[in-house]
Structure formats: structure tokens, C-alpha cells
Amino acid sequence: MAKPRDSSSIPNEAELAALAGHLAAEQTTMTLATARGNAAWAAPVYYVFFKSAFYFLSTPDSRHIKEALENDRASSAVHASGSTWQEIRGLQMSGSIHPVEGRLEAFQVLRAYLKRFPFTKDFFKKNTSMDPESFWERFGVKLYQFKPALVYYLDNRIRFAFREKVTLNE
């Protein structure tokens, strides 16, 4: 059982930002939450954390994309796996989802995505281009960005129910 820390051992703002950034970089799945009317929706996606944003592939017709683009609002959660309540740590975020339009940005993100998820290369025949257009043609998916506007880092290893607002930097 993890011992609670006293207040003198609570990380400072820079240390918390580093912990949050490390968590964002080390995890692979986030849950996106959107809503329409009185109905909420959650969808897990693989992501790559790049330049302080979360990038993922999704179909334009998916419910979470349609709702996020209609409302210009979404929320997201990323958390580490834990087997006890003392190990709970994660990110709670609100922000917006947008399609990635810039070709250079898309190539940079896609390169990071393929490095992070090497199995993705297996979906393509040898000597096939692995650019954003190829992903769209093969799978009907596009590249999107979740840009957090508000981020909370939570970490029960620090103390039970520890939650602090942070700025995410890569």
C-alpha cells in the first residue's frame, strides 16, 4: 500500500507538468467524450502525443467526430493501468477536436504515429506510401487533433484524490 505523502512532498508546478507530460507520452489510448442534446458518448482511440496535442485516426462519420465538430467541444481522459486505487493516475481534459489540415503537420504526426504503433505498417503492402491520403483510401480514416484547453493531472500516489491543474508540454 502506498503511503500518503505529506504536503511538503507534493511536486511543484514544473514537476507536475513533467509528470503529466510523461504520462501523456507513455500511454497509448485515450477516451474521448462528446455529447449531443442529453446524450453523452465515449470512444477509445489510439493516440500519439505530439506538440502538446493528442493526434488520432478516426472515421469522419463516427459519432464522436460528428458531435465534436458540431459542438466544438470535447473532453478526454488518459490514465495509466493500475491494480489498486493507490495507483490511479491520469489526465482529465476538456478542449476541442479538429481535422489536421496542414500537410507538413500530418506527415510529422503520421511518422510519429507509425513509430509509436509499428503494427500499423502491417496494414499496407510493401512499397506502399504511408501518407495521410493512403490511410484515408485504405481505411476511410482521417487524422484528427484533440487540443486540450484545460488539463488536470490526478495521482493517488501523491495522496488520495490528488488533482491539480497543469499545462501540458511535450
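If you filter segment 115-125 down to residues that are assigned to a helix (DSSP H, G or I) and either among the hydroxyl-bearing types (Ser, Thr, Tyr) or at pLDDT 85 or above (or both), you find that the one that is farthest from ILE65 (Cα to Cα) is LYS115. Restricting attention to segment 141-170 and to residues that are assigned to a strand (DSSP E or B) and of a type in the set (D, E, K, R), the residue that is modelled with the lowest pLDDT turns out to be LYS142. Any residue that is touching a Phe, Trp or Tyr at 6+ places or on another chain (Cβ under 6 Å), free of Cβ contacts under 8 Å to residues at least 60 places away in the same chain and under 19 Å from LEU168 (Cβ atoms) - is there at least one of those in segment 72-86? So far as segment 72-86 goes, no, none of its residues is touching a Phe, Trp or Tyr at 6+ places or on another chain (Cβ under 6 Å), free of Cβ contacts under 8 Å to residues at least 60 places away in the same chain and under 19 Å from LEU168 (Cβ atoms).
The values are calculated or read from the model by the stated rules, or taken from the named source; none is laboratory data. Just so you know, these numbers come straight off a predicted model, no measurement behind them. For neighbour counting, all protein chains shown are included, and Cβ atoms are generated from backbone atoms with ideal geometry for every residue, glycine included.
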